[in-house]
Structure formats: structure tokens, C-alpha cells
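The values are calculated or read from the model by the stated rules, or taken from the named source; none is laboratory data. Everything quoted here is computed from the prediction, not taken from an experiment. Note that each Cβ is placed from the backbone with ideal geometry, even for glycine, and that neighbours are counted across all protein chains shown.
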Amino acid sequence: MQVIGLCRFSYPAIGGFQVEHDSIEERMAFLYNEARMEERFRLFEAVALPCLREQTDPDFELIIVIGDSLPPHHESRLRDLIADMPQLRIEKHPPRKQRPIMKDILNAARRDPDAPCLQFRYDDDDAVSVDFVERLRQTIANCPGLIARNRAVAVDFNMGYVAEFGADGIRATEIHRPYYVAALGMYVKGGSPQTIMNFAHEKILRFMPTVTLSDAPMFVRGHHSSNDSRQKPVKPVPVSPLTPELRGAFEARFALREDVVRQVFSAT
């Protein structure tokens with residue numbers, strides 16, 4: 001079954017952000033600010049990409065959506081970072097309304113629209129477990145009756161961590177968060193045009209049956225200065241330096257290596 005992921009990399013959508021801007025030019029200026037882009041690239045390199053490289057089931061594809069206005073030096077840097085990852089590809093698009101364009105991109109990516117597929121969203125500052133694709137595929141395979149009777153079924157891995165990353169390493173805390181973007185997947189029946197982008201992630205349970213698994217940590221949610229969801233006042237999440245045991249778990253489950261994080265975030 002085809003597995004398709006979608007990642008927006010500073011794409012200047014019309015809507016789709018919690019921080020509002022008065023014009024698309026103002027949004028682009030915010031997104032393409034050099035300090036912000038440097039932080040996003042460091043997170044992408046040190047946090048988001050390693051776990052994708054080490055997926056136990058490498059049979060997936062991830063579409064990285066960028067704006068056709070992304071400055072060339074940023075686009076070149078992005079292409080260099082993913083050059084060794086055949087599952088990843090970049091699509092350039094002009095600004096359009098968030099949900100319609102993302103739905104169009106996902107549906108266009110289906111090799112056979114009459115066949116079922118699995119979909120997931122992927123933020124460029126998060127990580128998923130190295131067995132995320134494998135477990136997503138296996139979970140749906142374990143639910144033949146459910147998928148036979150429904151156009152869509154969500155799979156929610158709701159156990160993971162919130163983490164902060166920097167030159168001093170990783171600080172984290174364990175959380176249980178249902179229907180987070182990270183580690184949330186969706187089965188789509190063959191012939192159905194629905195996509196995971198049809199639904200707000202925290203409301204997806206209103207529209208389809210969901211399967212929830214809480215048996216293992218499956219995501220790391222990055223907290224940092226350029227989180228869209230954290231530009232407004234929010235309750236802080238206390239984090240602590242990794243213990244030796246947790247450091248080993250982060251390497252084994254998410255391919256997150258503290259020495260790599262320190263190196264990437266210390267670069268000038």
C-alpha cells in the first residue's frame with residue numbers, strides 16, 4: 001500500500017497559520033527571515049531527517065512543499081540536505097489557500113487513485129520513531145473489518161516527547177497528546193478523494209473511526225522560537241536535560257543523537 005507524507009517547508013500558504021499577516025508579502029517576509037530560516041534548517045537537518053533515513057520500512061514517500069518564492073540559496077540548501085534520500089522530493093507552488101492546495105498535492109501523488117493509501121503529515125521540526133511507517137502499515141493491516149466499512153480510518157500514536165534543541169544538546173519531557181500532527185496517520189479507501197489535510201488534526205476523530213496506540217513513544221515534538229503555534233502566549237512545557245537512559249532511547253527510537261544536535265546548532 002502506498003504511503004505518502006506531506007511536509008510544508010516555510011510554504012507561504014493563504015491561511016493555515018495561527019499567526020496572521022496582512023498580506024502575502026508580509027507572510028513571506030516573516031517566513032523567509034534569515035534568522036528564522038537558519039533555525040528551521042538546523043531543526044530539519046538534526047531532528048526531522050535522521051529518523052526518516054533510518055525507517056525500518058523505507059517504502060514511503062515524503063513531498064516537501066515550498067513556495068516558488070523561496071530564495072534560491074535556501075532552495076539549494078534544502079535540496080542538498082535531502083540529496084541522499086530517494087523517498088523525499090520537493091514541489092514548488094505559488095501561494096494558494098492552505099487546505100485546497102495540500103489536498104490537491106496529496107491526491108496527485110497517488111499512483112493509483114483507485115487503490116487505498118496511507119497518509120501522514122510531517123512538520124519540519126519534529127521526529128517520528130524509526131518504525132513509524134512500519135507500525136502505521138501494520139496497524140491498518142490489523143483492522144480489516146474497520147477499513148472495509150469506512151472511507152477513512154485514523155491511526156493515532158499518542159505517546160512521545162516535547163523537546164528543545166540547541167548548542168547545549170537536547171532537553172525533553174514525556175507527554176501523552178491525542179491527535180497531534182506528529183505520528184498521526186490515516187488510511188484512505190481506494191476511489192476516495194479525502195486526504196489527511198481535509199481535517200484539523202485535533203478534530204479528526206469527529207469524522208472517522210480512529211485507532212489509538214499508547215504502547216511506545218512514537219514522536220518528538222520540537223519546541224523553539226519559531227513554532228507557529230507558540231508565537232502567541234501559551235503555557236510553557238518544562239523540559240530537562242536527557243538522562244543517559246533517555247539519551248540512548250532517543251538514539252534508538254528517533255535516530256536523534258545529541259552530539260549531532262550540538263554540532264549542527266553550534267555551527268556558524
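So the values come out like this:
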{"read-out": "Pair list, Cβ < 6 Å and 6+ apart or interchain, from segment 249-268 residues that are on the phi > 0 side of the Ramachandran plot to residues that are part of a loop (DSSP other than H, G, I, E, B)", "value": "Ala255/Glu54; Ala255/Val130"}
{"read-out": "Segment 57-78 residues that are under 16 Å from Ile105 (Cβ atoms) and of a type in the set (D, E, K, R), paired with ones that are modelled with pLDDT of 95 or more and not in a helix (DSSP H, G or I) (beta carbon under 6 Å, 6 or more apart)", "value": "Glu61/Ile4; Glu61/Gln87; Asp68/Lys92; Asp68/Pro94"}
{"read-out": "Any chance Gly185 is more than 19 Å from the chain's Cα centre (by Cα), closer than 23 Å to Leu106 by Cβ and of a type outside the set (Val, Ile, Thr)", "value": "no"}
{"read-out": "Candidates Gly190, Gly166, Gly145, filtered to the one that is at pLDDT 95 or above and within 25 Å of Ile63 (Cα to Cα)", "value": "Gly190"}
{"read-out": "Residues of segment 79-115 satisfying the condition of being in contact with a Pro (Cβ under 9 Å, 6 or more places away or on another chain) and of a type in the set (Lys, Arg)", "value": "Lys103"}
{"read-out": "Segment 102-126: number of residues that are in contact with a strand residue (DSSP E or B) (Cβ under 7 Å, 6 or more places away or on another chain) and either β-branched (Val, Ile, Thr) or without any contact (Cβ under 8 Å) to a residue 24 or more places away in the chain (or both)", "value": "1"}
{"read-out": "Out of Gly145, Gly169, Gly190, Gly185, sole residue that is touching a residue at least 12 places away in the same chain (Cβ under 8 Å), more than 22 Å from Lys103 (Cβ to Cβ) and of a type outside the set (A, V, I, L, M)", "value": "Gly169"}
{"read-out": "Matching residues, segment 75-117, being farther than 30 Å from Gly248 by Cα and within 15 Å of the chain's Cα centre (by Cα)", "value": "Arg89, Ile90, Met102, Leu106"}
{"read-out": "Conditions (1) more than 22 Å from Arg137 (Cα to Cα); (2) buried (at least 17 other Cβ atoms within 10 Å of the Cβ); (3) modelled with pLDDT of 95 or more; number of the one not met by Gln263", "value": "(2)"}
{"read-out": "Helices (runs of 4 or more DSSP H) wholly inside segment 25-103 that include at least 3 residues being touching a His at 6+ places or on another chain (Cβ under 7 Å) and either among the hydrophobic types (A, V, I, L, M, F, W, C) or surrounded by 16 or more Cβ atoms within 10 Å (Cβ to Cβ) (or both)", "value": "34-43"}
{"read-out": "One residue from Arg8, Arg40 being in contact with a strand residue (DSSP E or B) (Cβ under 7 Å, 6 or more places away or on another chain), among the basic types (Lys, Arg) and touching a residue at least 12 places away in the same chain (Cβ under 8 Å)", "value": "Arg8"}
{"read-out": "Residue list for segment 94-132, filter: at pLDDT 95 or above, basic (Lys, Arg) and within 29 Å of Val162 (Cα to Cα)", "value": "Lys103, Arg121"}
{"read-out": "Only listed residue being in a helix (DSSP H, G or I) and of a type outside the set (A, V, I, L, M, F, W, C), chosen from Gly190, Gly248", "value": "Gly248"}
